[in-house]
1. If I model a spin label at Ala317 and Ser674 as a point 7 Å from the Cα along the Cα→Cβ vector, what separation in nanometres do I get?
2. What spacing in nm lies between the two simple spin-label points modelled at Ala689 and Arg325, each 7 Å away from Cα in the Cβ direction?
3. Would you mind getting me the FRET efficiency between Ala265 and Ile78? Use the beta-carbon distance for r and R0 = 56 Å, nearest 0.05.
4. Compute the signed sum of charges (Lys and Arg +1, Asp and Glu -1) over the other residues within less than 13 Å, Cβ to Cβ, of Ala668.
5. Based on the alpha-carbon gyration tensor of the range 425-620, what equivalent-ellipsoid semi-axes (square roots of 5 times the eigenvalues) come out, in whole Å, largest first?
6. I'm a student and want to see the number: the projected area of the Cα convex hull of the range 291-348, averaged over all directions, in nm².
7. Could you rank the peptides 417-427, 692-702, 66-76 by their average count of other C-beta atoms within 10 Å per residue, with the highest value first?
8. Using a Förster distance of 41 Å, how high is the FRET efficiency between Ser290 and Gln50, based on the Cβ-Cβ distance and rounded to 0.05?
Amino acid sequence: MATLVLTVVGGMVGGPMGAAIGAAVGQQIDAQIFKPKGREGPRLADLKIQASTYGQQIPQLFGTMRVAGSVIWATDLIERRSKHGGGKGRASTTEYSYAVSMAVALSSRSIRGIGRIWADGNLLRGSSGTFKERCKFRWYDGSEDQAADPLIASALGIASASAFRGCAYVVFDELELGAFGNRIPSLTFEVEADEGGVDAGLVGNILSAGSARCAGEWRFAGYAASGDRLRDALAPLVEVDGVRLMSGPDGWKLTPPTSAGEPLALADFRERGRSDAPGDRIEHRRAPLSSLPGTIRLRHYEPERDYQLGQQTSRVAGGALREERIDLPAVLPATSARALAQRLAAAAADGLETLLYRADLAALALTVGHVVAMDDGSRWRLAGRTVRASEILLELKRHAPLPVADLSAEPGIGVGAPDWPDAVGTVRLFELPNIGSPAASAPRLSIAGAGSNDGWRGADCWIVPWAGAEPIPIGMVRPARGLGELAEPLGPGSGALFDLSNSIEVRLANPAMTLESVTDAALLGGANRAMMGGELLQFGVADVVGAGRWRLSRLLRGRAGTECDAAHPAGTFFVLLDDPALLALPEPLAELTESGAAIFQWAPRGGARLTEVGVPAAGRALRPLAPVHGQVRPDGIGGVTISWVRRSRVDTGWRDHIDLPLGESREAWRITLSPPVPGIGPWESATSAWAIDAAELAAVPPRHMIEIRQAGDFALSPPLSLPLT
């Protein structure tokens, strides 16, 4: 467009000569406006964002790198439906979970292994190789003879499935998506392509099919090469390593200047007896200091911070205000990156001066790219050479890099997820008494789980109602706040007083768990409740005695009607109840455990090992509490009057002169003799008293006991035994 316009304008102003000038100027303008965009090499962001774009380049990895890769095959979301509850007039709950199967390409060069895997920045697979979410995982090293993945082959057909030979990739088979909001997470992978570090020489020789014409000085822990041409793939390494094109007896090579040895004296490459003449310096040019950047900012991947982006800056002496940023898709520690940034800043002035020098035929022996020393001691790098008959013109660039001073640097504080070793999981299913109102209408079972470290992510649980039945999913139990076992036996105690004579030695599953002391007021208000075997107790004082070991004292024993008159052996489980992580078994499932034939199953989150535990017959929460304060008094006419005080399973506190709530639909009592006597009893009463007349009492043998039980809506209470005298 500019060519046409300026040609016409030039012709109108200056005739044919003006039209020619206008056309030339217009061509220059059009060339700048419509010139094609330059090609760029790899950028740091390309390795951090997972993509599935058709035509996306897959980098060639060297050393050890963290990359996101490209999704090359995936299924639709796999939906699973599970229904819970329902029956007996209760509404059912339907839950949906999703999974996905997919393949992700990582490197267009063969690799040695896959290390850690991150999903949305959190560890999906740690260094131990265990996945945090359930899936099947396979990886292929990118060899030229690898077979097609069986999952892809079954989905597309063996004739249509590609083996992706020459491309290293991984396959996830039904990766659970519940932890990622039921969407495909952004995945990044730690890929080991070579053992040890790499340099520009190794990368260049491999990319150029082993021509052995590249050499490098700076070593990197990893590098990602990509680009449309070999030049694009090597450009970042060549730029930061100071690699120059040098000629020699074996031809041209890419090598850093330092590998060529000491500078050569230019006087050794002149004709014998000839000295440096002023006429030899044809032209001397010096670029202004404003052409230099003021700051060089080097961005790289920081291995000490899980390959997060790091950057080091260095000032250029005498440079302008502008900043030059270098994106290096390589893994480099902070100290090495700072040293490299300072070397780049020190070498920024290299080539600021240009000298055009006349030499003779002896200069043909000089190596282009080498550093030469002039008679005045100055050093110049031979950038080019022109031969004109017997005259040689040398283009020399000033070589005066500044020394590197400080090489120390801090990598900064990493924000990566902790990489925990594999944890040993512990899951307990235990029965609770009826705590609070309303009264339970089904057994109350809870599940607590914990791991040996904070890396344990929970467990999936199922109930099998009877042998051979289909497992019913319960849900996932999260890590509990306090779960362990008795380290030493605990003797019996009293449920009516503070137990100051006994203490509990507890070994917690995770040493990071802590227990807290509370005041008596908080203790009487229900704080620090715990199940220990079949006993519900509370503790007021918690003292740490070792890693994961606690001594609990100032105890309230036998809470909510649980027995405390028997000793607990070492190894009895201990669970802190004031914890939202406990998983309560729904009532319809809890009803299935009353027979004692149910089986409890659990598997760690992301694992496949299934553990089965038998569930004993449950129903403690349905039983009324045993009555107390029993009395047997003579009635004065040969018989006795028996009285007792009722307790309630919905209000288990000790309260004087207060009528506690019944907790049942009706009040009913069953009175029996122990051992039974034929023809006498049992009796039933609707009040907390019963009278035995003289005739019945006379028929009772000596040393017999009378047992009193409350008849609840679902079960009988434990007996209150009194001597009948």
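Only the coordinates and a few stated rules stand behind these numbers; no lab work does. It should be emphasised that the depicted structure is a prediction, and the values quoted were computed from it without experimental measurement. Backbone-built Cβ (ideal geometry, glycine too); neighbour counts: all protein chains shown.
1. It is 9.9 nm.
2. Each label point is offset 7 Å from its Cα along the Cβ direction, giving 9.2 nm.
3. On the way: r = 74 Å, r/R0 = 1.33.
After rounding to 0.05, the efficiency reads 0.15.
4. On the way: positive: Arg646, Arg666, Arg670, Arg709; negative: Glu664, Glu667, Glu684, Asp713.
It works out to a net charge of 0.
5. That gives 28, 20, 14 Å for the three semi-axes.
6. With the hull built on Cα positions only, its mean projection is 3.6 nm².
7. Per-residue Cβ counts within 10 Å, averaged per peptide and sorted highest first, yield 66-76, 417-427, 692-702.
8. FRET efficiency, Ser290 to Gln50: 0.45.
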